[in-house]
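Following: one structure in structure tokens, then a few remarks.
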Amino acid sequence: MATSVGETAFTRSEALGLLGSSGADGALVGHGEAVAGVAHRIGRNAQRDHPGLDLQLIELGALLHDVGRTRTHAERPSTPPP
């Protein structure tokens, strides 16, 4: 795990591990990966005007943006009440 200033706090593999250990199912992981891909493309375009952007950090943030759903959605019943 990176610890120096300017280094991303963890790797993509570690982020995926965090999602898995948090109880994320395949659909949630797939959604995070899709959002991360879009965020990476947006970040790459934004680098033209902001060359210091950390694309890996942007991608990891997008990958993990719904990690809390592993808790909130687990508390909801799978079928709506009558």
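Coordinate-derived values only; no laboratory data. Computed from a prediction, not measured in an experiment: that's the story for all the values here. Virtual Cβ from ideal backbone geometry, glycine too; neighbours counted across all protein chains shown.
Summary of computed values
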{"quantity": "Overall dimensions of the stretch 24-68 as given by Cα atoms, namely Rg and Dmax in Å", "calculated": "11.3, 37"}
{"quantity": "Listed peptides 64-71, 45-52 by packing density, highest first (mean Cβ within 10 Å)", "calculated": "64-71, 45-52"}
{"quantity": "Residue-wise HN-Hα coupling along the stretch 58-68, computed from phi with Karplus coefficients 6.51, -1.76, 1.60 (Hz; x: Gly, Pro)", "calculated": "4, 5, 5, x, 5, 4, 9, 4, 10, 4, x"}
{"quantity": "Mean Cβ neighbour count within 10 Å, used as a protection proxy, ranking 53-61, 22-30 highest first", "calculated": "53-61, 22-30"}
{"quantity": "Gained length - E14 relative to V67, 0.36 nm times residue gap less alpha-carbon distance", "calculated": "17.8 nm"}
